[in-house]
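What follows is a set of notes on a single structure, which appears directly below.
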Amino acid sequence: MRTLVRWARAEWGLLYVTVREPLLGRGWRAVPMTLGAVCLTALLHMLQHQSWGYRFVQDIGAVRAADPLWLALLRTPCSLFVPALDLPVWGALAQILLVFGIAEICLGRWRTLALAYAATLAGTLYARLGIRLGPDRPLGLPGSDAYVVDTGPSAAVVGLAVFLGWRYGAYVTAGGVIAAMVAEVAVRENLAGKEHLAAIVVVLLLCGVSALRHRRATAGSGLPPIKS
């Protein structure tokens, strides 16, 4: 039991300390963007299950590879908050509340939104590339996937979880998320699973860029001052 507690502290201790004080001090006011995202997702879920609201939600947030690129890019920001029609919405809401909430406190709202958008956009653009490659190539997709709606908030959640795990030393957690997404594709090869992997690849690249910038900044701060 003690070993498990020590491991949990090593894995999540920094995240816990970072999140605890803002939540204790400000409560839900510490995560206004996250609460807005949860409410928007719930609203869009409700609308798309109404006969009069389904077309509206599709028009503003349903992204398919068959759409013109300009239209897909226009819809992508809203697609972050359109949950899948065939999955329980409570799972999506819980994921957004937990992962977006932690990210908003740890990274700030704008960086959180930027990372979420980058992860979602990676899946959107991968779908187009995969369909062009065709099903006979390793990264290719069948043409029928062009009419499948993109992942919604799940790619953003996966991307943020991996970035947070890397940034705050929760490497086992980040690795577990990656392993779960790889297993999803291995067991049930579908567009959503491959879009999740595309999101992870882009987020890992961003982790590498962030690490490189930090290393250069650290090295630069140790240089002696330039004499005039």
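Readers should treat all values here as calculations from the given coordinates under stated rules, not as data from a laboratory. Model, not experiment: these values are computed from the prediction. Positions of Cβ are backbone-derived with ideal geometry, glycine not excepted, and every protein chain shown enters the neighbour counts.
So here's what we get for this one:
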item: Taking only Cα atoms of region 95-228, radius of gyration then Dmax in Å; result: 17.6, 66
item: Ranked 181, 1, 46, 33, criterion: other C-beta atoms within 10 Å, fewest first; result: 1, 46, 33, 181
item: Residue order, fewest to most beta carbons within 10 Å, for 41, 173; result: 173, 41
item: Sorted by Cβ neighbour density within 10 Å, fewest at the top, the residues 207, 39; result: 39, 207
item: Furthest towards positive pole of dipole, 199, 1, 155, structure part the chain, Cβ charges; result: 1
item: Spacing of the two label points (7 Å from each Cα toward its C-beta) at residue 147 and residue 51, in nm; result: 2.3 nm
item: FRET efficiency estimate (nearest 0.05) - Cβ-Cβ, residue 114 to residue 137, R0 30 angstrom; result: 0.45
item: Rounded to the nearest 20 debye, dipole of region 2-209 from Cβ charges on Lys, Arg, Asp, Glu; result: 600 debye
item: Kyte-Doolittle mean at least 0.0 and Cα axial length at least 18 Å: DSSP H helices in the chain; result: 32-48, 109-133, 153-167, 171-187, 191-221
item: Globularity index of region 59-107, i.e. its alpha-carbon radius of gyration over 2.2 N^0.38 Å; result: 1.37
item: 11 Å beta-carbon shell around residue 30, net charge (K/R +1, D/E -1); result: +2
